[in-house]
Amino acid sequence: MNLKLYLESILLLSGEELKISELCKFFKKDHQEIVEILNEIKNERKNTGINVEINTENVYLTTNPASGEIIHKFFNQESKPKKLSGAALETLSIIAYRQPVTKSEIEGIRGVSAEGVIQNLEDKKLIRVCGKKESVGRPNLYEVTDRFFSYLKIDSIEELPNYDEVKRHIERENEDK
């Protein structure tokens, strides 16, 4: 049985998010084995037009964000990606540098509610829920997605500027004023 082939075919034909637990049940395989195979598919498809997105509970196919502009042009939509608001960029920065992070931790840093911004970033698939924090209420933990990296034209979190260096630079600029 070529499980990888079957999973990839099912993902293509489903056209929507699939629960990993349903795939486990159908193929009578444990969660870890299915996720490992899905990650193999994801890595193999990384530089193709179709990418695989996986979170703790679901998996789905998506277009490669690098193709976004041409896809928009082809379908006669707005050709430039929409700019993010300052609040969205600030929230994305917090998530990128502190991930995994909860909504209340983000709000503690920003000093304002992040509910709407987080929902907007999830809708744009720039962030995703990556688990639950082992604390009272078991709040969602958030992390950035591959689409976030494509938006910034980078390949990994390691390519972000060093947080401590940026902080020191800003502090020096503020001292000079």
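The values are calculated or read from the model by the stated rules, or taken from the named source; none is laboratory data. Keep in mind that what you see is a predicted model, and the values were worked out from it rather than measured. We place every Cβ from the backbone using ideal geometry, glycine too, and count neighbours over all the protein chains shown.
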_Failed condition for L23, given (1) crowded, with 16+ Cβ neighbours inside 10 Å; (2) part of a strand (DSSP E or B)_ = (2)
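Table: residues versus (1) of a type in the set (V, I, T); (2) at negative phi; (3) outside the structural domain of K42 (by TED's automatic domain parsing).
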{"residue": "E90", "(1), (2), (3)": "no, yes, yes"}
{"residue": "K103", "(1), (2), (3)": "no, yes, yes"}
{"residue": "V112", "(1), (2), (3)": "yes, yes, yes"}
{"residue": "K132", "(1), (2), (3)": "no, yes, yes"}
{"residue": "K153", "(1), (2), (3)": "no, no, yes"}
*among the acidic types (D, E), loosely packed, with under 14 Cβ neighbours inside 10 Å and not in a loop (DSSP other than H, G, I, E, B): does that describe E36?*
yes
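Within the range 39-76, how many residues turn out to be polar (S, T, N, Q) and in a helix (DSSP H, G or I)?
Step one: of the range 39-76, the residues polar (S, T, N, Q) are 39, 43, 47-48, 51, 55-56, 58, 62-64, 67, 76.
Subset that is in a helix (DSSP H, G or I): 39, 43, 67.
The number of residues fulfilling the criteria is 3.
Quick one: which of T91, T56 is of a type in the set (S, T, N, Q) and within 17 Å of F149 (Cα to Cα)? Walk me through it before giving the result.
Details: T56 fails: within 17 Å of F149 (Cα to Cα).
T91 is the lone residue from the list that is of a type in the set (S, T, N, Q) and within 17 Å of F149 (Cα to Cα).
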*Within the set of pairs 6+ apart or on separate chains, which have a first residue in the range 37-51 that is not assigned by TED's automatic domain parsing to the domain that holds F149, a second that is among the small types (G, A, S) and in a helix (DSSP H, G or I), and C-beta atoms under 6 Å apart?*
G49/S67
*Residue within the range 3-20 that is farther than 23 Å from N140 by Cα, crowded, with 16+ Cβ neighbours inside 10 Å and among the β-branched types (V, I, T) present*: no
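From S93, S104, S113, which residue is free of Cβ contacts under 8 Å to residues at least 24 places away in the same chain and over 22 Å from E158 (Cα atoms)? Break it down into steps so the answer makes sense when it comes.
Numbers: S93 fails: over 22 Å from E158 (Cα atoms); S104 fails: free of Cβ contacts under 8 Å to residues at least 24 places away in the same chain.
Result: S113 is the single residue among S93, S104, S113 that is free of Cβ contacts under 8 Å to residues at least 24 places away in the same chain and over 22 Å from E158 (Cα atoms).
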_Selected residue (criterion: farthest from the chain's Cα centre (by Cα)) from residues of the range 90-139 that are assigned to a loop (DSSP other than H, G, I, E, B) and among the polar types (S, T, N, Q)_ = S135
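Out of G137, G116, report the one residue that is out of contact with any strand residue (DSSP E or B) (no Cβ under 7 Å at 6 or more places or on another chain), surrounded by fewer than 15 Cβ atoms within 10 Å (Cβ to Cβ) and within 29 Å of L61 (Cβ to Cβ).
Among G137, G116, only G116 is out of contact with any strand residue (DSSP E or B) (no Cβ under 7 Å at 6 or more places or on another chain), surrounded by fewer than 15 Cβ atoms within 10 Å (Cβ to Cβ) and within 29 Å of L61 (Cβ to Cβ).
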